[in-house]
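> So that we are looking at the same thing, I have put the structure below in structure tokens.
The values are calculated or read from the model by the stated rules, or taken from the named source; none is laboratory data. Values in this document were obtained by computation on a predicted structure and should not be read as measured data. A quick note on method: Cβ atoms are made from the backbone with ideal geometry, for glycine too, and the neighbour counts reach across all protein chains shown. Calculation scope for accessible area: heavy atoms of the full protein, side chains included, ligands and nucleic acids excluded. Shrake-Rupley method; radii C 1.70, N 1.55, O 1.52, S 1.80 Å.
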Amino acid sequence: MQNRPAPLVAGFMVAASCVAAAVSFARAQPGSDYDFDFVTIGAPGNAPYTGDSPYNPPIAVGRGTVNYEYRIGRTEVTTSQWLGFVNTFTMREDSAFGLDLLPAHWGAEPDSAYSGPGYRWTVPTSGPAAMLPVSGITWREAALFCNWLNNGKPTERASIATGAYDTSTWGGTPPTFTDGPTHLPGAQFWIPSLDEWIKAAHFDPHRYGEGSGGWWVYPNGSDDPLVSGLPGTPGSQTSAGVVTEEPWGEWSIPLGAYPDVQSPWGLLDVSGGEREWTEEVVWPDSPQARVLAGSWAGFLDFGVFDHVSAFGGTSPSSHAGGIRIASSVPAPHAGMMAIVGIMVLTRRTRR
């Protein structure tokens, strides 16, 4: 008769197996969230948005259901978060490999103390510049940024050719494009899908009471449009609609300047900041544009674009938006899995 392991020994054998499996899985994931403040979006299998839409066709009506938990940035990508990406590929003899990674507007400035190779950007040590949104990047630049994050912030161009997005698919004859429609399986950081974006911005898991979810029309947990105004002005809720005496002064309002104005999940600056890229492809049978969601700083008709179902779209090579990073929910720590394995087996052996 074959000897059976003693219960405690068996527990450690299974625990060791749990540890090995967890460590193996962890190796496939980046070891850091870097400095992103992620919010976990729960309530898997939520009902879609079925209300009114100011647009025809109503692209978001019937959308917004997400059947899994995921995370998304509390803010859009900031200047300080984009800075390392730019400098990685501009501080080189080969002039950043021809990559065009500079936003149309951000808080960084050329570093006059740097003498080469290439060039370097820096963020002033005082003031809100580090928290300015990255504005006017292309969808493809946003995708390269996600590849860079997925691969642990590498320094070689070849290593950002894939990760979240397969750049070998990029091409086409304008206005159509051949880019893969969504991120690759197993990606840990990506551009949000349309469903992920509108759920994070507008769905409230407790809209009608504890555990009874529903949708708000606007991204501040309300059915009333937001109020435009400079930060600190009584009642002001968004940089959208703000017009200043200083040219482009509205773009100098940092992210997080309206801390009390949040989506039901706690997202900031869904209105204002910069409009945000999603993965959604317009006219999938003849791809010509990717969907952009939300309003942006200074935009006067922001009430339309703040609506849950209102979206714009443009070419993925157009310098037209910013990005709010989506991410997977981290797996349980290997040690915790081992402890759970031991506890389960110990309970079983005592019965």
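> Send over a whole-number figure in Å² for the accessible area per residue of the range 38-329, probe 1.4 Å. Present the calculation step by step, with values, prior to reporting the outcome.
Working: 11920 Å² over 292 residues.
That works out to 41 Å² for each residue.
> Moving on to the next point. Would you mind putting 103-116, 250-263 in packing order, based on average other-beta-carbon counts within 10 Å, highest first?
Values: 103-116: 15.0, 250-263: 18.9.
The packing order, highest mean first, is 250-263, 103-116.
> Next question. Mind ranking Leu83, Leu194 by accessible surface for me, highest first, 1.4 Å probe?
Details: Leu83 30, Leu194 0 Å².
If we order Leu83, Leu194 from most to least accessible, we get Leu83, Leu194.
> Ignoring everything but the protein chains, give the 1.4 Å probe accessible area of Asp301 in square angstrom, nearest 10.
Solvent-accessible area, nearest 10 Å²: 80 Å².
> So, one more: If you project the alpha carbons of the range 38-329 onto their three principal axes, what span does each projection cover, largest first, in Å?
Sorted largest first, the three principal extents are 58, 45, 34 Å.
> Between Ala43 and Arg92, what is the label-to-label distance in nm when each label sits 7 Å out along the Cα-to-Cβ direction?
4.4
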